[in-house]
Structures are given as C-alpha cells and as structure tokens.
C-alpha cells in the first residue's frame, strides 16, 4: 500500500467518524431541548413564554447560564434560598430530578424568542 493511499484512507476514516459524532451530538441536543421544553411548561406560567417574564417580580430565564440555573434549582430544593417568592419555587423544585433540572436549564439557555411582527 502506498503512503498516499494510506493517507487517503486515514482521512476518509477520520471524516466518517467525525460525521457520526456530529450527527449523534445534534440528536442528543435536539432531544434534550425538546425534553426541556416539555418539562418547562409550568415555568412559563410565571416566567413567560420562552422564559421572558411579563411580570416584574419574576426574572427572565431565557439565556440563563446552565450551571447557575441548575444550582439555583437545587438551592430551592434544599431550602437554601428563602427570600422573596422562594416558597413558590420550593414546591416546583421538589418534584424535579437532577435530569429534569439539566433539561430545563438547557432549554432556557438555548431558546430564543421570535422577533416581534411588524405592522407594516
């Protein structure tokens, strides 16, 4: 086998493996986004559609860093956050598993609102 042919085969194999990895990652990402969206419906009651709140006392969730979001939910679950309207979040966090928290955090980190429609 010539060196040139060997290099081509290695490149082809690398390209194939990279394509498989990218496809698998995209599938996992889409699944986590979908699951997060399904699990976050109750959040939208107070925090707004796509995580943009229309109520001054509730923060926006859209674009929130995932690690912070999960840490906040865990803190509510452990009763480490008790100020303001935390009592409402305690009940919500109590029913969430770690996976639920990560899925919801992923969704709100990734979701984007549709731009407002123009009246023109």
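Shape verdict for segment 30-110, please, from the Cα gyration tensor: rounded (a/c under 1.5), prolate (a/b greater than b/c) or oblate. Provide the component values of the computation, followed by the final result.
Details: a/c = 1.72, a/b = 1.19, b/c = 1.45.
Oblate shape, in that a/c is at least 1.5 and b/c is the bigger or equal ratio.
Between residue 11 and residue 85, what length comes free when the chain is fully extended (0.36 nm per residue of separation minus the Cα-Cα distance, one decimal in nm)? Walk me through the intermediate numbers first.
Numbers: separation 74, 0.36 × 74 = 26.64 nm, distance 5.70 nm.
That works out to 20.9 nm of additional length.
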Quiz item: Given 0.36 nm per residue, what is the gain on full extension from residue 27 to residue 42 after removing their alpha carbon distance, in nm?
Solution: 2.9 nm
Self-check item: Which of 53, 97, 113 has the fewest Cβ neighbours within 10 Å, and the rest in rising order
Solution: 97, 113, 53
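No value in this document is a laboratory result; all are computed from the given coordinates. Fair warning: this is a prediction, and the values are worked out from it, not measured in the lab. When we count neighbours, we look across all protein chains shown, and the Cβ atoms used for this are built from the backbone with ideal geometry, even at glycine.
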